[in-house]
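Read through the structure below, which is laid out as structure tokens, and then see the notes.
The values are calculated or read from the model by the stated rules, or taken from the named source; none is laboratory data. Not measured: the values here are computed from a predicted model. Cβ sites come from the backbone with ideal geometry, for glycine too, and all protein chains shown count toward neighbours. Ligands, DNA and RNA are excluded from the accessible area calculation, which covers all protein heavy atoms including side chains. Shrake-Rupley method; radii C 1.70, N 1.55, O 1.52, S 1.80 Å.
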Amino acid sequence: SNLVVSKIRETIDIPIIVTVVSIHENIKERIESGATILNVSGGKNTPEIVARIRAEFPDFPIIATGGPNEESIRKTIDAGANAITYTPPTSAEIFAEVMKKYRHELDESSKAEF
């Protein structure tokens with residue numbers, strides 16, 4: 001809440017990052033309460049949220065989730081994000097790729113034996 005942000009701002013002197021998840025949040029109140037950086041994480045709506053914030057607060061620092069692919073990342077950057085956070089592949093996805101490569105190498109070595 002903005003009250004919590006205000007209390008943190010009064011207590012410590014470090015950047016305060018406040019996450020914005022909806023286009024309906026009152027950004028002005030977030031900033032006035034003490035947010036120093038906005039972290040936009042609005043799913044598929046992230047670029048739209050970033051663009052709206054950027055239009056009203058052209059110099060305010062914005063970090064945003066980039067989404068699942070290069071296109072969504074580009075849209076978020078073009079909307080005005082200063083920085084992008086990226087969610088790396090899960091360990092299951094990485095392991096699946098490793099196993100795919102391993103199985104392919106096994107298939108290739110089996111073919112070479114014949």
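Hand me the list of strands (runs of 3 or more DSSP E) wholly inside the stretch 28-112 holding 1 or more residues that are farther than 24 Å from VAL4 by Cα.
In the stretch 28-112, 83-85 are the strands (runs of 3 or more DSSP E) which contain 1 or more residues that are farther than 24 Å from VAL4 by Cα.
Tell me yes or no: at least one residue of the stretch 6-25 is closer than 22 Å to LYS75 by Cα, in a helix (DSSP H, G or I) and not acidic (Asp, Glu).
Scanning the stretch 6-25, I find no residue that is closer than 22 Å to LYS75 by Cα, in a helix (DSSP H, G or I) and not acidic (Asp, Glu), so the answer is no.
Of all residues in the stretch 3-25 being among the polar types (S, T, N, Q) and either touching a strand residue (DSSP E or B) at 6+ places or on another chain (Cβ under 9 Å) or free of Cβ contacts under 8 Å to residues at least 12 places away in the same chain (or both), which is most open to solvent (accessible area, probe 1.4 Å)?
Per the stated criteria, the residue is THR11.
Is it the case that ASP59 is within 28 Å of THR11 (Cα to Cα) and open to solvent by 60 Å² or more (accessible area, probe 1.4 Å)? It would help to see each step written out before you state the result.
Working: within 28 Å of THR11 (Cα to Cα): yes; open to solvent by 60 Å² or more (accessible area, probe 1.4 Å): yes.
Spelling it out, ASP59 is indeed within 28 Å of THR11 (Cα to Cα) and open to solvent by 60 Å² or more (accessible area, probe 1.4 Å).
Could you please give the count of residues in the stretch 39-53 that are open to solvent by less than 40 Å² (accessible area, probe 1.4 Å) and either under 17 Å from ASP78 (Cβ atoms) or more than 17 Å from the chain's Cα centre (by Cα) (or both)? Break it down stepwise before answering.
Residues of the stretch 39-53 that are open to solvent by less than 40 Å² (accessible area, probe 1.4 Å), as a first pass: 39-40, 42, 46-47, 49-50, 53.
Subsequent filtering for residues that are either under 17 Å from ASP78 (Cβ atoms) or more than 17 Å from the chain's Cα centre (by Cα) (or both) retains 40, 42, 46-47, 49-50, 53.
Residues meeting the conditions: 7.
Within the stretch 26-38, count every residue that is open to solvent by 90 Å² or more (accessible area, probe 1.4 Å) and not acidic (Asp, Glu).
1
Under the condition of being out of contact with any helix residue (DSSP H, G or I) (no Cβ under 6 Å at 6 or more places or on another chain), open to solvent by less than 60 Å² (accessible area, probe 1.4 Å) and of a type outside the set (Val, Ile, Thr), which residue from the stretch 68-95 is modelled with the highest pLDDT?
Taking the candidates together, the pick is ALA83.
Restricting to the stretch 1-55, name every residue that is over 22 Å from THR85 (Cβ atoms) and of a type in the set (D, E, K, R).
Listed by number, the residues that qualify are LYS7, ARG9, GLU10, ASP13, LYS28, GLU29, GLU32.
Contact list please: Cβ distance under 9 Å, first residue in the stretch 80-94 and more than 26 Å from ALA55 (Cβ to Cβ), second residue part of a strand (DSSP E or B), pairs at least six apart or on different chains.
THR87/THR65
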